[in-house]
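The values are calculated or read from the model by the stated rules, or taken from the named source; none is laboratory data. It should be emphasised that the depicted structure is a prediction, and the values quoted were computed from it without experimental measurement. All Cβ positions, even for glycine, are placed from backbone atoms using ideal geometry, and neighbour counts span all protein chains on display. Ligands, DNA and RNA are excluded from the accessible area calculation, which covers all protein heavy atoms including side chains. Shrake-Rupley method; radii C 1.70, N 1.55, O 1.52, S 1.80 Å.
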Amino acid sequence: MLSDKLKEETKHNHQALEKALIGQLRAIRSVSEYITLLQLFYGYFGGLEMLMDNAIDDKSLADGTERRKTQAIANDILILGGTVPAIATGYNLPAIHSQLQALGALYVIEGSSLGGKIISKMIQQQLGTDMGLSFFSGYGDKTDEMWASFKKVLDTQCHTPEQEAVVTAAANETFSKFYYWFNKAPVF
Ligand code: HEM
């Protein structure tokens, strides 16, 4: 099934991104450094969600609105006293022109809520506060359930090797462009 293959086929890009993130995460000691991290996620995820809104068919993803992340990130930034930045555009983003490409991007966005559980704990410990953690806390206790139901959508919408290849390529491009976005952003 595609949901099983995707993990293996995007492993390299996930590891690269995780490695780039984890060092910076560990170094966060102030709210302003954390805001910078949130602004980075906002810019990229905001751009992605804009592209996805134009490519995805609402009927195929009944809980699509619930899965949007941009508003939660903006709320976290604002509650901590930061400003919401512009979103990524153009070559900073992967190509998302079809439903299948949007599913590949959504795989990456949804998967971030799995790593988010670890990230929110780290930030909470390092900053000693629960404020501004709604994005990284994801779906809380519902995280595993939401991940399982997303994987079901993936598997029911992709039937051929060609379709699977489109989703996989979009997921890999979504990871690699985020890696690039992350690395060119100012380091705190
Ligand atoms: C410090 C940063 C990160 C850590 C420590 C981390 C850690 C993890 C862990 C432990 C899992 C497996 C969870 C499980 O199987 O129950 C996972 C899965 C995943 N993460 Fe990350 N992650 C990080 C950042 C990210 C980011 C920023 C993204 C996307 C933008 C992401 C995308 C994914 C995806 C798509 C999966 C699902 C893999 C699959 O089972 O198909 N991760 N991550």
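When L61 is tested against (1) under 15 Å from L154 (Cβ atoms); (2) in contact (Cβ under 8 Å) with a residue 24 or more places away in the chain; (3) near the ligand (Cβ under 10 Å from one of its atoms), only condition (3) is not met.
Counting the residues of region 129-158 that are crowded, with 17+ Cβ neighbours inside 10 Å and at positive phi gives 2.
For region 37-59, give me each residue that is over 16 Å from Y107 (Cβ atoms) and open to solvent by 40 Å² or more (accessible area, probe 1.4 Å). Please lay out each step first, then the result.
Filtering region 37-59 down to residues over 16 Å from Y107 (Cβ atoms) leaves 37-43, 46-47, 50, 53-54, 57-59.
Answer for region 37-59, where residues must be over 16 Å from Y107 (Cβ atoms) and open to solvent by 40 Å² or more (accessible area, probe 1.4 Å): Q39, M50, D53, N54, D57, D58, K59.
Per this entry, E164 is counted among residues that are acidic (D, E) and either open to solvent by less than 60 Å² (accessible area, probe 1.4 Å) or touching an Asp or Glu at 6+ places or on another chain (Cβ under 8 Å) (or both).
Report, by residue number, each residue of region 1-38 that is within 12 Å of the ligand (Cβ to nearest atom), under 19 Å from F135 (Cα atoms) and assigned to a loop (DSSP other than H, G, I, E, B). If the condition is that a residue be within 12 Å of the ligand (Cβ to nearest atom), under 19 Å from F135 (Cα atoms) and assigned to a loop (DSSP other than H, G, I, E, B), then I28 is the only one that fits.
In region 104-128, of all residues being among the hydrophobic types (A, V, I, L, M, F, W, C), open to solvent by 10 Å² or more (accessible area, probe 1.4 Å) and farther than 28 Å from V153 by Cβ, the one that is farthest from the ligand (Cβ to nearest atom) corresponds to L127. Against the criterion of being open to solvent by 30 Å² or more (accessible area, probe 1.4 Å), among the charged types (D, E, K, R) and either in contact with a His (Cβ under 8 Å, 6 or more places away or on another chain) or without any contact (Cβ under 8 Å) to a residue 40 or more places away in the chain (or both), E8 qualifies.
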